[in-house]
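A short worksheet on the structure shown next.
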């Protein structure tokens, strides 16, 4: 197997959801990265360091982690201990419809304040959802109902980010938007700095303080998001690499694996149907 002990799950009845099950990630290493989705995961075994934005903590089996779209984060195992987790990646616009039901107009996703939970009931509900979805005999309507029910309860359980939360400086927001719009181009630091009328050296310092990545790191992160969008439906890896701004397939392969602890081929090679994955036991309580 190209990437041992790691499985992705997708199903056409749940186009807004993707799951990754890692049964033993002790050798995995994730660089700082972000997702365009909302992510929620259950730690099934072992311990790991958990970085989310400005916060960092040690987490263990029974924990639930939550990452808002676009927030830089990383989880890595402690001292090569056995480490297992299940991560759910949820389309942010779909989740926004649950946050503001019946609004009649498309609303943006509202970030959640909570990034970590030791709530046993939340862990168990997430584990139950995983077991339901990955059962080989589960009908699509049951999958859809279970998924909808879980996330409806989740948005009621979690609080949105406070209006008093630190806002993004205008120049840094401009720089990030410029990078996102031009990430597939041959973009230089000087191009970004010129677009926001800042010196390159100041931009590097201020951007990293704001976003947790340098402008170059943010550029790579944006390209990796575009790459995942192309790989998910099965686009050719070399074509994806060229389209999103990487020098070649090897360049994409190296940076994809460094950030996401998997390869483009492993990520792309998931059948678009339900698949059984070996079940980890319910986590032992800390």
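Looking at residue 88 and the list (1) touching a helix residue (DSSP H, G or I) at 6+ places or on another chain (Cβ under 9 Å); (2) under 18 Å from residue 160 (Cα atoms); (3) touching a residue at least 60 places away in the same chain (Cβ under 8 Å), which single condition is not satisfied? With (1) touching a helix residue (DSSP H, G or I) at 6+ places or on another chain (Cβ under 9 Å); (2) under 18 Å from residue 160 (Cα atoms); (3) touching a residue at least 60 places away in the same chain (Cβ under 8 Å) applied to residue 88, the lone miss is (2).
Looking across 243, 268, 285, one residue alone is surrounded by 14 or more Cβ atoms within 10 Å (Cβ to Cβ), in contact with a helix residue (DSSP H, G or I) (Cβ under 9 Å, 6 or more places away or on another chain) and at pLDDT below 95. It is 268.
Filtering segment 125-141 to residues that are surrounded by 13 or more Cβ atoms within 10 Å (Cβ to Cβ), without any contact (Cβ under 8 Å) to a residue 60 or more places away in the chain and farther than 14 Å from residue 87 by Cβ leaves 125, 128, 132. Flag set for residue 160, criterion: closer than 30 Å to residue 124 by Cα, surrounded by 13 or more Cβ atoms within 10 Å (Cβ to Cβ) and within 22 Å of the chain's Cα centre (by Cα).
Conditions (1) without any contact (Cβ under 8 Å) to a residue 24 or more places away in the chain; (2) touching a strand residue (DSSP E or B) at 6+ places or on another chain (Cβ under 8 Å); (3) surrounded by 14 or more Cβ atoms within 10 Å (Cβ to Cβ); (4) outside any helix (DSSP H, G or I), marked per residue:
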{"residue": "184", "(1), (2), (3), (4)": "no, no, yes, yes"}
{"residue": "190", "(1), (2), (3), (4)": "yes, no, no, no"}
{"residue": "207", "(1), (2), (3), (4)": "no, no, yes, no"}
{"residue": "228", "(1), (2), (3), (4)": "no, no, yes, no"}
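Applying the criterion of being at pLDDT 95 or above and assigned to a loop (DSSP other than H, G, I, E, B) to the residues of segment 211-226, the residue that is farthest from residue 192 (Cα to Cα) is 213.
The values are calculated or read from the model by the stated rules, or taken from the named source; none is laboratory data. These figures come from a predicted structure and were not determined experimentally. Note: ideal-geometry Cβ built from the backbone for every residue, glycine included; neighbour counts use all protein chains shown.
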